[in-house]
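Novice: First, the structure itself, so that you have it in front of you.
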Amino acid sequence: MTTGTEETVVRAETAAVSGDDPPGARRSERLSAVAQQHGALVTLAVVVVAASLGFDTFLTGDNLENMALSSAFLAVVALGMTFVIVTGGIDLSVGSLFALGGVLAAWGSQYGTVVALLLPLVVCGLVGLVNGLLIARSGLAPFIVTLASMLGARGVLLALTDEGSRTYLVDKGSFFADLGQGAPLGIGVPVWITVALFVLGAVVLRRTRFGQYVYAVGGNEDAAALMGAPVARTKVGVYTLSGVCAGLAGALNAAWLVSGVTILGSGMELEAISAVVIGGSLLTGGFGYLSGTLVGVALLKVIQNVINQIGSLDSAYQQVVSGAFLAVVVIAQTWLGRRQRVL
Amino acid sequence: MLTVTGLCKTFPGVRALSDVDFTARAGEVHALVGENGAGKSTLIKVLTGVYQPDAGELAYDGSPVRFATPLAAQQAGISTIYQEVNLVPLMSVARNLFLGREPRGRLGLIDFRRMHREARETLRGLGVEVDVRRPLRELGVGTQQMVALARAVAVDARVVVMDEPTSSLEPREVRTLFGVIRTLRDRGIAVVYVSHRMDELYEICDAVTVLRDGRVVHTGQLAGLERLKLVSLMLGREVGEVRAEGLTKFSGTHDAAAQPVLEATGLTVRHQLAGVSLSLRPGEVVGLGGLLGSGRSETAKAVAGALPLDDGGVVVAGVPVRPGSTAAAIRAGISLLPEDRKSEGIVPGLSVRENIALAALPGLSRFGLVDDARIDRIVDTFMKRLRIKAAGPHQKVGELSGGNQQKVLLARWLALHPKVLLLDEPTRGIDVGAKAEVQALVDELADDGLAVLLISSDPEELIEGSDRVIVLKDGAVVRELTGDEVTEDGLLRAIAAEPGRPAEPTRLAPPAATPTAAPASPPAAGPAETSAGDSDG
């Protein structure tokens, strides 16, 4: 661009419009974005390699299947949570709904598999719907609304089970029990279902209009509204989805355990949120991937497993490690986010 | 294309629009201008369905319409580009462009290949080449604005409303934007263009409507309208209007000390200020003039450390102030009375006493404990001195009148014993009587040896209150009025001056030559000024 002909001037102008930053700055920005997206995956790989070198029992078929199964339930809850968090919301009710879903499924299993599956889905979906309506239509804070339904669902659960003293059992020979216990190709049914749900969820989040709205609402709610996105409907949708996911996870868990256990699920909402955030989704909304969430779940469970393998360590430490890890991730996210915004 | 007649809109206590007629014609760029509070944004919001009118007709394409929501207006073909880009920064350019109307293939899934191709083509049509898969926030503000524009046009808009689209754009981005606007006009789209920048209006607009105090004071073609006339229409002052005596409570000039207490040089903030320099002497009131958006408030904020500076600095009494820190500025003796006292100043739920003591608290406490007796003394002094009318020091500030709230704020800053007082629109929104009192107070404070910087959009207040007036335009000093030049006429002429031409036919005394002036004004006193002088010869 030595001569100032008309053409070069025009090209220079468009180039100026399109390329705003020096290439170096953009590369480092890209790197930050990559780190944000795949940091958890790299960490997972490192932990897995270290664990398989350190413990002979880690990379065995039994142990892997154990981890996969116990991850499956959390993963399904975290799937719904990812949608909620991408809209910039939070759902604290999923832990209670998970337990409620389990008890309802176990109770319903005496009337057949259809009831055992539909009952928790419908009830937990309704709770999610109410959450969504309150948040979207009345403008209440998601934290408060879902905290209220977390307490409410826990109360319903206690009422159903006589303060937790009554346990509903699933008939071991039933088809419903097979949903939890069966293992075609050596892999448990809940794992298959989870994988299918994540594929479906990823398509919905990335390839449908609803998914676009989810990102838009979380990225800039006012702008989304001005662009004509149905903000309220999107919010109602994600909270309903989250409720359904929690209920389904609870039902599958009950099928696996062949009973509805009331003490499960407390603290699960926080575990799910941790998994989503570790997976690279922004708590402020507008950014996140289901693949990341899956990695986040796996990472939490692998760390848990590793601590269990170290016999000398109290299993209580796994929460310390998970907590520390979450803190590191959030700090890294803020740092990466700031880098990307400044540039 | 879009016509409103007899539009009225009232908010509690304010008549925002009264009997407004406005017509946007196809293939025309129509400027909508007016000072703060003139009713521009209210009119735009009525046009785009954000507000419902109290009275009046809205006709679109010849038939009466009513837009219940922004979405309804959008679907009818009225798109709005806001000052701040209203897109989703984390989403890709193409996703932003197509949100809600993505091309879909089989199974209802989004066809990304087609979407990216169409996005590229749409943007290329506007002269923008970008990777449409990149997140929007990686682009510059200008390009983002262009994407917003592309989105507005792509939804088959027939009316495009632009609310100060250039306020955060670089000059070259503005050129690209103007190219796009011309393309739209040639396609027969009606464009409504809101801006405060005179040069832009004359470059791009065909017609103009001037609003003042919620009424249309002028509408017609822009080409035949003189700049000076346009400015006087906006401000509501006739050129050469006789200076009314005794309308404000300002007395004459003050005896300013020789040495400036504050010197600011080359204050530069990206998109907002381009090298503003000024100096204030103890005992004088310096006015800061210019239209809305010329950088008046930004200058005050930059001096007070409330805006991060890209370049330039502030020196108080010979000591440089750490830039970008309000705490440092306050310690150096600079106090800013912000424009928006509701959101940036008073704490309505606290008492008069607490509001006054707020800023001074650190100095009034010992070992972290507050010295109540001293606070009482100080509050009492200021309530008397500033004639604050309250039931007592414990009345909540929220219950006071606007004028008295302003005085409480003033007292808060005076309790810090500042050397320099920056007043941003100190009399806005307060009634006439209180206005006069605040004006008299400003006078007294200057007599007591404070250096005062006064910002006001009321030309009369500015002229009568100030010993000197510095006129800003597009974030730079275009002129300094001193001595006999401090008249409304001089102010209007300075504001209306075209770039590259002298503000007045006759060249007046250089800016530094004030009667008492000892300090040579800093070399960067205003780039526009030197250029004005050059082209004169």
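FYI, it's all coordinate maths here, none of it is from the lab. Keep in mind that what you see is a predicted model, and the values were worked out from it rather than measured. Counting neighbours? That spans all protein chains shown, and the Cβs are built from the backbone with ideal geometry, glycine included.
Novice: Ordered by residue, what ³J(HN,Hα) values in Hz, to whole numbers, does the range B:412-425 give under the Karplus form 6.51 cos²θ - 1.76 cosθ + 1.60, where θ = phi - 60° and Gly and Pro are x?
Specialist: Residue by residue, the range B:412-425 yields 4, 6, 5, 4, 8, 6, x, 9, 10, 10, 9, 10, 9, 6 Hz.
Novice: Under the rule of at least 5 residues apart or a separate chain, name every residue whose amide H is placed under 5 Å from the amide H of B:H218.
Specialist: B:V210
Novice: Just the number: Rg to Rh for the range A:130-286, Cα atoms, Kirkwood Rh, two decimals.
Specialist: On the Cα set of the range A:130-286, Rg over Rh gives 1.02.
Novice: To continue, here is another question. Testing the spin-label approximation: label points 7 Å from Cα along Cα→Cβ at B:R322 and B:Q395. State their distance in nm.
Specialist: Distance between label points: 4.0 nm.
Novice: How would you order B:197-205, B:178-186, B:298-306 from highest to lowest mean count of nearby Cβ atoms within 10 Å?
Specialist: The densest-packed peptide leads the list: B:298-306, B:197-205, B:178-186.
Novice: How are the alpha carbon pair distances in the range A:42-95 distributed across 10 Å bins from zero to the largest one, expressed in percent?
Specialist: 21, 34, 28, 17, 1
Novice: If R₀ is 41 angstrom, what is the calculated FRET efficiency for the pair A:L147 and B:D448, using the beta carbon separation as r and rounding to 0.05?
Specialist: Plugging the Cβ-Cβ distance into 1/(1 + (r/R0)^6) gives 0.15.
Novice: Which residues in the range A:148-175 have a backbone N closer than 18 Å to a point placed 7 Å from the Cα of A:Q110 along the Cα-to-Cβ line?
Specialist: Label zone hits: A:157-175.
Novice: How much length, in nm to one decimal, is gained on full extension between A:D222 and A:A324, taken as 0.36 nm per residue of separation minus their Cα-Cα distance?
Specialist: Going from the current span to full extension adds 33.3 nm.
Novice: Still on this model: Calculate, in whole percent, how much of the Cα-Cα pair population of the range A:170-261 lies beyond 15 Å.
Specialist: So the pairs more than 15 Å apart make up 67 percent of the total in the range A:170-261.
Novice: Could you give me the radius of gyration and the Dmax of the range B:346-489, taking only the C-alpha atoms into account and expressing both in angstrom?
Specialist: Rg, Dmax (Cα atoms, Å): 16.9, 56.
Novice: Given a Förster radius of 51 Å and the C-beta distance between A:L126 and B:R377 as r, what FRET efficiency does 1/(1 + (r/R0)^6) yield to the nearest 0.05?
Specialist: 0.20
Novice: Between B:D213 and B:A440, 0.36 nm times their residue separation minus their Cα-Cα distance comes to what?
Specialist: Roughly 79.1 nm would be gained on extension.
Novice: So what is the orientation-averaged projected area of the range B:87-222, using the convex hull of its C-alpha atoms, in nm²?
Specialist: 9.5
Novice: Based only on Cα atoms, what mean projected area does the convex hull of the range A:36-342 have, in nm²?
Specialist: For the range A:36-342, averaging the hull's shadow over all directions gives 16.4 nm².
Novice: How large is the convex hull of the Cα atoms of the range B:346-417 per residue, expressed in Å³ as a whole number?
Specialist: Spread over its residues, the Cα hull of the range B:346-417 gives 75 Å³ apiece.
Novice: Taking the simple approach of a point 7 Å from Cα along Cα-to-Cβ for both B:L369 and A:S138, what is their distance in nm?
Specialist: In this crude spin-label approximation the distance works out to 4.7 nm.
Novice: For B:A476, enumerate residues with amide H under 5 Å from its amide H, sequence gap 5+ or separate chain, H modeled in the peptide plane.
Specialist: B:A274
Novice: Can you compute the modelled spin-label distance between A:I263 and A:L158, with each label point 7 Å from Cα toward Cβ, in nm?
Specialist: In this crude label model, A:I263 to A:L158 measures out at 1.6 nm.
Novice: Efficiency by 1/(1 + (r/R0)^6): what FRET value for B:V50 and A:A196, r their Cβ-Cβ distance, R0 = 41 Å, to the nearest 0.05?
Specialist: So the FRET efficiency works out to roughly 0.40.
Novice: Working out 0.36 nm times the residue gap between A:T60 and A:R233, then minus their Cα-Cα distance, what length gain in nm do you get to one decimal?
Specialist: 57.7 nm
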